[in-house]
1. Working only within segment 147-170, note down all residues that are without any contact (Cβ under 8 Å) to a residue 24 or more places away in the chain and assigned to a helix (DSSP H, G or I).
2. Being of a type in the set (F, W, Y), over 30 Å from T108 (Cα atoms) and either surrounded by 20 or more Cβ atoms within 10 Å (Cβ to Cβ) or not assigned by TED's automatic domain parsing to the domain that holds L243 (or both): is that true of F148 here?
3. Go through segment 264-318 and count every residue that is more than 19 Å from M1 (Cα to Cα) and β-branched (V, I, T).
4. For V187, state whether it is β-branched (V, I, T), in a strand (DSSP E or B) and either surrounded by fewer than 17 Cβ atoms within 10 Å (Cβ to Cβ) or at pLDDT 95 or above (or both).
5. Considering only segment 84-114, state which residues are basic (K, R) and within 19 Å of K260 (Cα to Cα).
6. Residue check: is P157 in contact with a strand residue (DSSP E or B) (Cβ under 9 Å, 6 or more places away or on another chain) and buried (at least 17 other Cβ atoms within 10 Å of the Cβ)?
7. Can you name the condition, by its number, that D207 falls short on among (1) within 23 Å of E137 (Cα to Cα); (2) among the acidic types (D, E); (3) free of Cβ contacts under 8 Å to residues at least 12 places away in the same chain?
Amino acid sequence: MNVLFATYPMAFHTPGGGEVQLLSYEQHLPGHGVTPRRLDPWNPRFLDNDLVHFFSCIGGSSHLCSFVKGLGLPLVVSSSLWVTQETVGSFPIDEIRHQLATADRVVTNSRLESDTLAEVLGLARDKFVEVSNAVDEVFLQPQEPAAFGQEFGIEQPFALCVANIEPRKNQLALALAMLRHPDLLLVLAGEVRDAQYWREVQRVGGDRLRFVGAIPHQSPLLRSAYAACDVFVLPSYFETPGLAALEAAAQRARLAITRKGSTTEYFGGTVQYLSPDSVDSIAEAIAGALAGPPCSYTPPSWRHATRTLADVYAELVQ
């Protein structure tokens with residue numbers, strides 16, 4: 001089975017979790033009899049494929065999705081989206097509804113995400129199917145924690161946040177919360193997606209902030225960072241549930257993560273939860289994580305998760 005992968009044009013300019021997910025699907029689906037192909041806009045060859053899988057609901061995505069359905073091809077869309085009745089006004093909701101209504105199946109990362117999108121958008125629940133977010137199996141292997149500190153000259157205890165620098169990831173509130181933990185360095189890893197926001201984070205973080213840039217996803221330094229940190233913090237305004245949080249859990253870090261999104265469906269009671277709109281809550285969750293045991297949740301591997309996705313494809317091309 002040949003499946004054409006497509007996403008919005010700017011996706012890999014500053015890749016994040018959605019792009020890691022796409023590449024992980026690409027790597028592991030051949031083991032389940034699926035050949036993923038990347039869309040080449042100069043030579044698209046849509047009709048050489050059995051199905052198209054589009055990643056993201058960013059503005060403008062509905063046009064390509066409608067074109068695919070006009071060709072008569074089955075269409076799968078990965079939503080990676082958290083919209084509630086309270087936040088619906090912050091999204092181009094009519095376009096998103098049209099895009100997901102056009103799809104034959106919408107792949108979400110949790111039952112909670114499927115339930116919420118179906119309700120908010122007024123779409124049939126059976127259009128949505130869950131494929132768990134997962135980790136590469138290498139993240140499930142113990143990693144030497146010292147390598148990260150040696151590489152970046154970090155010798156003191158630190159809190160780690162691995163996320164692109166942008167308002168949704170909420171590093172500014174994290175920097176403010178870290179002022180209440182003066183014994184910890186705040187280490188940020190990721191791409192800068194919003195330069196003005198990043199300047200404000202730097203102003204607040206001052207000399208208690210260390211930015212190490214984007215660490216390649218396959219680098220052992222990333223796994224070492226998770227293993228070495230005293231607490232991993234993900235204070236985003238939503239996560240579904242956040243690949244970095246899953247990777248940190250795989251390395252048995254202590255976690256303080258957002259309650260917004262589908263995090264509770266994955267992590268249950270093994271982490272400390274925070275409210276992203278409260279600096280107090282972020283600071284308290286960090287303290288709670290530091291005082292508690294490492295996360296005991298073991299995330300699934302991409303090898304396992306992509307079996308479910310291959311079944312979704314097979315159902316549509318019968």
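1. If the condition is that a residue be without any contact (Cβ under 8 Å) to a residue 24 or more places away in the chain and assigned to a helix (DSSP H, G or I), then Q150 is the only one that fits.
2. In short, yes.
3. 7
4. Working: β-branched (V, I, T): yes; in a strand (DSSP E or B): yes; either surrounded by fewer than 17 Cβ atoms within 10 Å (Cβ to Cβ) or at pLDDT 95 or above (or both): yes.
Yes, satisfied.
5. First pass over segment 84-114, keeping only residues basic (K, R): 97, 105, 111.
Hit for segment 84-114 is R111, nothing else.
6. Values: in contact with a strand residue (DSSP E or B) (Cβ under 9 Å, 6 or more places away or on another chain): yes; buried (at least 17 other Cβ atoms within 10 Å of the Cβ): no.
So P157 fails the test.
7. (1)
For every residue, the table says whether it meets (1) in the same structural domain as E265 (by TED's automatic domain parsing); (2) of a type in the set (A, V, I, L, M, F, W, C); (3) assigned to a helix (DSSP H, G or I); (4) surrounded by 14 or more Cβ atoms within 10 Å (Cβ to Cβ).
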| residue | (1), (2), (3), (4) |
| --- | --- |
| M10 | no, yes, no, no |
| P30 | no, no, yes, no |
| H53 | no, no, no, yes |
| C57 | no, yes, no, yes |
| W82 | no, yes, no, yes |
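The values are calculated or read from the model by the stated rules, or taken from the named source; none is laboratory data. Everything numeric in this text was worked out from a predicted model, so none of it was measured. A quick note on method: Cβ atoms are made from the backbone with ideal geometry, for glycine too, and the neighbour counts reach across all protein chains shown.
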